[in-house]
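**Q** Right, I'll just put the structure down here and ask away after.
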Amino acid sequence: MKLNARQIDTAKPKEKAYKLADGAGLYLEIFPSGSKSWRLKYRFAGKEKRVVFGLYPAISLAEARGKREEAKKILAAGGDPGLAKQEAKQAKILAINNSFESLAQEWHEHKRPNWSQGYADDILEYLRKDVFPVLGKRPIAEIKVAEMLAVLRKMEQRGVLDKLKKTRQACRQIFTYAIITGRAEHNPVTDLAGALKAPKQKHFPHLLSHEIGSFLRALSGYSGSRITHHATHLLMLTGTRTIELRAAEWHEFDLSKGTWQIPAERMKMRRPHVVPLSSQALSLLEEMHELSGRGKFVFPGRNHAGKPMSEASINQVIKRIGFDGKATGHGFRHTMSTILHEQGYNTAWIETQLAHADKNTIRGTYNHAQYLDGRREMLQWYADYLDTLRDNA
């Protein structure tokens, strides 16, 4: 006799579990705890077996009967309903684990040790904002070229071309990672570069040779903070990146040997970098030691000595001495590179000093040590040259 909803709802738990049959192997088992579970009894390969459909009322009577009919079809085709359910469950788990978002997170954790914290955070933010909401839950192996193009086109339409480029590159690497690890067979991002707008190349404003003298004279007359003044001047003398200088800590410096050793975790290319210091740079650092030598940072923040100076500090100095739009902290690197190349200095020395990437890591490490004396001589010439430009109005 078939069950009805009233029978199911009024069935009370007993000391031991008992069953209410609906026919054709389907029954509802009521447990002492009060839970009610749909199950199907069937025979496969001569053995009696059972498969669980789920709890009532989450699975209604009609839904349980529908699952029974599906099981019958599997049996009629020579299959095992219990095994089919396990395979479906595994496939669902596999699809979740192999979703684009899951693979992206796995790839991100794999790559993170080679990135700066800021870059790692930016990449994850771009993916979370523009890619995960649309493709995050999709199995990575099923994503098509048109789907990826549609997602990236929305970024293109917003005009965020720098973010678009980084997001496209990240997605291409995620699919490559999925292929290498056996979770995908093709990369739908490989050929998309030609279908999307490229960002315009950035040229940071930088000083030309004939502007350096007037800039340095204006800097000498700067009446603001000596900390930001010295940071700006030292950035010119070392050719380091602004973030590398702003976050410099006193333990990185050996003033007796005239060297500054920046640890790998603070470098863009994640490799340690040794900066030889000219006599002018050493003089600035000795003055700075009187101002901040008791703290952690060489250039502490104005409002919080436990943090480095703000990102805008150096560019604010440049603006206040009248060179806004003509120079930037990052632009000092371009100026140094141009002048040193014009003077005929060894390109390898210059590139090493600027900590540009060397595709051959072993060669790059060797050059780093090999060129230290040459770079020291080169930077001393450069510091003397800047003094000459400043003093000869």
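The values are calculated or read from the model by the stated rules, or taken from the named source; none is laboratory data. Since this is a predicted model, take the numbers as computed values, not measurements. Cβ sites come from the backbone with ideal geometry, for glycine too, and all protein chains shown count toward neighbours. The protein model used for the area step is the full one, side chains on, heavy atoms only, and it has no ligands, DNA or RNA in it. Shrake-Rupley method; radii C 1.70, N 1.55, O 1.52, S 1.80 Å.
**Q** Scanning the range 107-136 for residues that are among the small types (Gly, Ala, Ser) and touching a Lys or Arg at 6+ places or on another chain (Cβ under 9 Å), which turns out modelled with the lowest pLDDT? Show your work before the answer.
**A** Within the range 107-136, the first condition is being among the small types (Gly, Ala, Ser), and the residues that meet it are 116, 118, 120, 136.
Restricting the remaining residues to those that are touching a Lys or Arg at 6+ places or on another chain (Cβ under 9 Å) gives 116, 120, 136.
Values: Ser116: 74, Ala120: 87, Gly136: 92.
Applying the filter and picking the extreme gives Ser116.
Every residue, every condition in (1) touching a Cys at 6+ places or on another chain (Cβ under 9 Å); (2) modelled with pLDDT of 95 or more; (3) not in a helix (DSSP H, G or I), yes or no:
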site: Glu185; (1), (2), (3): no, no, yes
site: Val189; (1), (2), (3): yes, no, yes
site: Gly194; (1), (2), (3): no, no, no
site: Ala198; (1), (2), (3): no, no, yes
site: Lys202; (1), (2), (3): no, no, yes
site: His206; (1), (2), (3): no, no, yes
site: Glu211; (1), (2), (3): no, no, no
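**Q** With respect to the numbered conditions (1) within 17 Å of His233 (Cα to Cα); (2) at pLDDT 90 or above; (3) surrounded by 16 or more Cβ atoms within 10 Å (Cβ to Cβ); (4) not charged (D, E, K, R), which one is the sole condition not fulfilled by His330?
**A** (2)
**Q** Give me the pairs: first residue in the range 151-180 and among the hydroxyl-bearing types (Ser, Thr, Tyr) and surrounded by 15 or more Cβ atoms within 10 Å (Cβ to Cβ), second residue part of a helix (DSSP H, G or I) and at pLDDT 90 or above, beta-carbon distance under 6 Å, and six or more apart or on different chains, which are they?
**A** Thr167/Tyr126; Tyr177/Trp107
**Q** Next question, about the same structure. Looking at Ala327, Ala355, which is the one that is touching a residue at least 24 places away in the same chain (Cβ under 8 Å) and on the phi > 0 side of the Ramachandran plot? Spell out the reasoning first.
**A** Values: Ala327 fails: on the phi > 0 side of the Ramachandran plot.
Going through Ala327, Ala355 in turn, just one is touching a residue at least 24 places away in the same chain (Cβ under 8 Å) and on the phi > 0 side of the Ramachandran plot: Ala355.
**Q** Anything in the range 289-304 that is open to solvent by 20 Å² or more (accessible area, probe 1.4 Å) and among the aliphatic types (A, V, I, L, M)? List them, or say none.
**A** Leu291
**Q** Quick check on the range 276-288. Is at least one of its residues at pLDDT 95 or above, open to solvent by 20 Å² or more (accessible area, probe 1.4 Å) and of a type in the set (A, V, I, L, M)?
**A** yes
**Q** Within the range 243-250, identify whether any single residue is small (Gly, Ala, Ser), open to solvent by less than 10 Å² (accessible area, probe 1.4 Å), touching a Lys or Arg at 6+ places or on another chain (Cβ under 7 Å) and modelled with pLDDT under 95, and answer yes or no. Before you say what the answer is, go through the steps one by one.
**A** Pass one, the range 243-250, residues small (Gly, Ala, Ser): 247-248.
The next check asks that each one be open to solvent by less than 10 Å² (accessible area, probe 1.4 Å); those that pass are 248.
Within this subset, residues satisfying the condition of being touching a Lys or Arg at 6+ places or on another chain (Cβ under 7 Å) are none.
No, the range 243-250 contains no residue that is small (Gly, Ala, Ser), open to solvent by less than 10 Å² (accessible area, probe 1.4 Å), touching a Lys or Arg at 6+ places or on another chain (Cβ under 7 Å) and modelled with pLDDT under 95.
**Q** Kindly establish whether Gly79 is over 54 Å from the mean Cα position of the chain (by Cα) and either at pLDDT below 90 or over 30 Å from Ile140 (Cβ atoms) (or both).
**A** Numbers: over 54 Å from the mean Cα position of the chain (by Cα): no; either at pLDDT below 90 or over 30 Å from Ile140 (Cβ atoms) (or both): yes.
Answer is no for this residue.
**Q** Take the range 18-34 and flag every residue that is more than 13 Å from Tyr56 (Cα to Cα), open to solvent by 50 Å² or more (accessible area, probe 1.4 Å) and in a loop (DSSP other than H, G, I, E, B).
**A** Ala24, Pro32, Ser33 - these are the residues of the range 18-34 that are more than 13 Å from Tyr56 (Cα to Cα), open to solvent by 50 Å² or more (accessible area, probe 1.4 Å) and in a loop (DSSP other than H, G, I, E, B).
**Q** Here's a follow-up. Out of curiosity, is Arg138 over 30 Å from Arg270 (Cα atoms), basic (Lys, Arg) and crowded, with 16+ Cβ neighbours inside 10 Å? It would help to see each step written out before you state the result.
**A** Working: over 30 Å from Arg270 (Cα atoms): yes; basic (Lys, Arg): yes; crowded, with 16+ Cβ neighbours inside 10 Å: yes.
For Arg138, the condition - over 30 Å from Arg270 (Cα atoms), basic (Lys, Arg) and crowded, with 16+ Cβ neighbours inside 10 Å - is met.
**Q** To continue, here is another question. Just the residues that are part of a helix (DSSP H, G or I) and free of Cβ contacts under 8 Å to residues at least 24 places away in the same chain, please, taken from the range 48-76.
**A** First pass over the range 48-76, keeping only residues part of a helix (DSSP H, G or I): 61-76.
Within the range 48-76, Ala62, Glu63, Gly66, Glu69, Glu70, Lys73, Ile74, Ala76 qualify.
**Q** Sticking with this structure for a sec: Can you tell which of Gly344, Gly374 is modelled with pLDDT under 95, out of contact with any Asp or Glu (no Cβ under 6 Å at 6 or more places or on another chain) and not in a helix (DSSP H, G or I)? Walk me through how you get there before you give the answer.
**A** Details: Gly374 fails: not in a helix (DSSP H, G or I).
Selected residue: Gly344, the only one of Gly344, Gly374 that is modelled with pLDDT under 95, out of contact with any Asp or Glu (no Cβ under 6 Å at 6 or more places or on another chain) and not in a helix (DSSP H, G or I).
**Q** Only one of Ala84, Ala71, Ala88, Ala104 is modelled with pLDDT of 90 or more and aliphatic (A, V, I, L, M). Can you tell me which?
**A** It is Ala104.
**Q** If I filter the range 297-315 for residues that are free of Cβ contacts under 8 Å to residues at least 24 places away in the same chain, among the hydrophobic types (A, V, I, L, M, F, W, C) and over 20 Å from Leu386 (Cβ atoms), do I get at least one hit?
**A** Yes, there is a match, as at least one residue in the range 297-315 is free of Cβ contacts under 8 Å to residues at least 24 places away in the same chain, among the hydrophobic types (A, V, I, L, M, F, W, C) and over 20 Å from Leu386 (Cβ atoms).
**Q** Being under 14 Å from Glu311 (Cβ atoms) and touching a helix residue (DSSP H, G or I) at 6+ places or on another chain (Cβ under 6 Å) is true for just one of Leu245, Leu207, Leu234. Which residue is that? Don't jump to the end; show me each part of the working.
**A** Numbers: Leu207 fails: under 14 Å from Glu311 (Cβ atoms); Leu234 fails: under 14 Å from Glu311 (Cβ atoms).
None of the other options fit; the residue is Leu245.
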